[in-house]
Structure formats: C-alpha cells, structure tokens
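Here is the structure we will look at.
The values are calculated or read from the model by the stated rules, or taken from the named source; none is laboratory data. These figures come from a predicted structure and were not determined experimentally. Cβ coordinates were reconstructed from backbone atoms using ideal geometry, including for glycine residues, and neighbour counts include every protein chain displayed. Areas reflect the complete protein model, heavy atoms only, side chains present, ligands, DNA and RNA absent. Shrake-Rupley method; radii C 1.70, N 1.55, O 1.52, S 1.80 Å.
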Amino acid sequence: MEQYFTAQPTAQHQERTFSFNLRGHLLQLTTDNGVFSKQTVDFGTRTLISAIDFTKLPAGNLLDLGCGYGPIGLTLAKEQPQRQIMMADVNERALELARNNAAENRITNVQIQISDIYQQLQQQTYAAIYTNPPIRAGKAVVNAMITQAKNHLVLEGQLWLVVQKKQGAPTYKKIMQQTFENVQVIKRDKGYYVLKSVKTNN
C-alpha cells in the first residue's frame, strides 16, 4: 500500500476542500489521496498547533518539517506574519496542495520546497522547528528529524514535536533529552504528547 511519505504518490486524485479553524484563523484547506490525514486536520496536528507558545522564541524564520498539505505552516504564517515560514516535505503532491492552500488563504510569508528531512533545505538555521513526524516512515526517519534538528536551530531555538504514547512518545522524549539535554512535556491529550526541547549550547 502506498504511504503518505512517498515522494510521488500515484493514487488517483480525489481532492476535497474544507474549512478549519486553527488558533482563531479560519483556513480553507484542500487535500487529496496520497497525503496524510486527507479527511480533516488530524488530532495530533491540532494538539501541537494549540500548544505552541511564541513568547520565548528567538528571532529568525520557522520550519514546518513534514508539512503535508500545510495546516501547521500556514497557521504559523498567520500567527507570525513578520517571519518567513519554510514548509518542507518529501511528498510532491502534498507540496503542491500546500502551495495552493497558501495561495487560497492569501498567505505570502511561506516558502514551500521538497526536502528529505533536512537534506535539501537552503537555509541552515531556524528559530524553531515544528513537526508531526511521519511515524510510519520508521524510527530511523523520526530519530534523524530529532537528532539533526540541533544543527538547524539558532541558539535558544526550539524543537516542537507531537507523537502518541503508543507510537513511541517515551522513546522520542528520551532522544530529545539526549540530543538537547532538556525536554518538556508541554501538553498531553488523548494519548498525544507535545514535546519541546531548546538548543542551549552548540
């Protein structure tokens, strides 16, 4: 079965458009077959978005890693209009949807590009990285998203991640602790954990 982290999905197109309110921003979102959570904005993504706190964020641009059709990155762009939001994914169909969704919602402070984890990103460092990681892509992928994040954050930059307890939250929490020497559970909701680490040293 074809997965949502496939680079070029071949599933027959079946686009659908719906409105969704995220942090008080009513977004028009179009999804399709071959992308993650095509029916609605999934609960993990909603949990992460609702938990985000910008108060101690350093200056700099933000990265939505594994952006899918764009709910996290587009919400960040609405919330932080003075920042540029990079949205990256390996799935070309998802990226096309994200571009269309940005245009539909008249969001201009976004850059949307293909990247296998951090490999193709032009910019090196960000004030924060946000991800609802592709758990089904396997532990090696999610581990790389966490352990390599430190090299792509400015000092005091933040990594935010949402994951279900049954899909490895305790393990990924440990990896964040080992990588950053700190980790906080920002929110727990229906088995989902929102985890945050801060880059305190190089």
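Tabulated data for the structure shown
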{"quantity": "Cut-off 12 Å between beta-carbons: net charge of the residues surrounding PRO133, Lys and Arg +1, Asp and Glu -1", "calculated": "0"}
{"quantity": "Residue-count net charge about VAL198 - beta-carbon cut-off 11 Å; Lys, Arg +1, Asp, Glu -1", "calculated": "+2"}
{"quantity": "Folded to 0 to 90 degrees: helix 169-180 orientation relative to the chain principal axis, Cα", "calculated": "60 degrees"}
{"quantity": "Built amide H within the under 5 Å cut-off of LYS187, gap 5+", "calculated": "VAL194"}
{"quantity": "Distance in nm between pseudo-label sites at ALA140 and GLN178 (7 Å out along the Cβ direction from Cα)", "calculated": "1.6 nm"}
{"quantity": "Protein accessible area in the chain, 1.4 Å probe - carbon and sulfur %", "calculated": "46 percent"}
{"quantity": "For LEU27, net neighbour charge (Lys/Arg +1, Asp/Glu -1) across residues whose Cβ lies under 15 Å away", "calculated": "+2"}
{"quantity": "Spin-label model distance (nm) - GLN119 vs GLN28, 7 Å beyond Cα toward Cβ", "calculated": "3.6 nm"}
{"quantity": "Computed label-point distance, nm, for sites GLN111 and ARG188 using a 7 Å Cα→Cβ extension", "calculated": "3.9 nm"}
{"quantity": "Shape of the range 95-189, Cα gyration tensor, a/c cut at 1.5", "calculated": "prolate"}
{"quantity": "Charge dipole (the chain, unit charges on Cβ, about Cα centre) - positive-most of ALA169, LEU153, LEU63", "calculated": "ALA169"}
{"quantity": "For the range 18-167: rounded, prolate or oblate by the Cα gyration tensor [a/c cutoff 1.5]", "calculated": "rounded"}
{"quantity": "Eligible lysines near LYS150 by straight Cα distance, threshold 26 Å, same-chain separation 8 or greater", "calculated": "LYS56, LYS78, LYS139, LYS165, LYS166, LYS173, LYS174, LYS187, LYS196, LYS199"}
